[in-house]
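Take a look at the structure below.
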Amino acid sequence: MKKDFDFFKTTMPDIRKADFYLGCLDGSVFIDFNLTTDNLINLCRISFDGYGCCNLDNNVKCLDKVLSKDFIFQINKDNIEQEKMTKLVLELIQLNKDYVWTDALEEYNLIDKQ
């Protein structure tokens, strides 16, 4: 099954600090990312309609150097390549699934049900 999340770049209020912001699923999910001092991308926050905002702590896992570079390239483009961004975001969520609400991830098909 091909997942179509329709990722889009967005902004957030100053109280919700992050380096990059993506929305998906018609604005039902918003995902915030940070760039580490080593130029790696990590997940700092994800909010879901019906669940609220899940803040992740500093122990999150980052994408590796190659995937982080790909993420930065995609997010800086005028038009995000959906298939590539989907792979990157789902990989990052998979790496950090223990820190995000499983029921919300499953409801929005951001992780495979076990």
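The values are calculated or read from the model by the stated rules, or taken from the named source; none is laboratory data. Quantities reported herein were computed from a predicted structural model and do not represent experimental measurements. For neighbour counting, all protein chains shown are included, and Cβ atoms are generated from backbone atoms with ideal geometry for every residue, glycine included.
Can you confirm whether segment 87-94 contains a residue that is farther than 16 Å from ILE111 by Cα and of a type outside the set (D, E, K, R)? Give the derivation first.
Keep residues of segment 87-94 that are farther than 16 Å from ILE111 by Cα, which gives none.
Scanning segment 87-94 turns up no residue that is farther than 16 Å from ILE111 by Cα and of a type outside the set (D, E, K, R).
Is there any pair with a first residue in segment 41-53 that is under 16 Å from PRO13 (Cβ atoms) and a second that is hydroxyl-bearing (Ser, Thr, Tyr) whose Cβ atoms are under 6 Å apart and which are 6 or more apart or on different chains, and what are they?
As it stands, the answer is CYS53/SER47, since those pairs meet every condition given.
So which residues in segment 38-75 are of a type in the set (S, T, N, Q) and more than 15 Å from the chain's Cα centre (by Cα), if there are any at all?
Residues satisfying the conditions are ASN39, ASN58, ASN59.
Looking at segment 14-25 only, could you name the residues that are of a type in the set (Asp, Glu) and modelled with pLDDT of 95 or more?
Once the filter is applied, which keeps residues that are of a type in the set (Asp, Glu) and modelled with pLDDT of 95 or more, segment 14-25 yields only ASP19.
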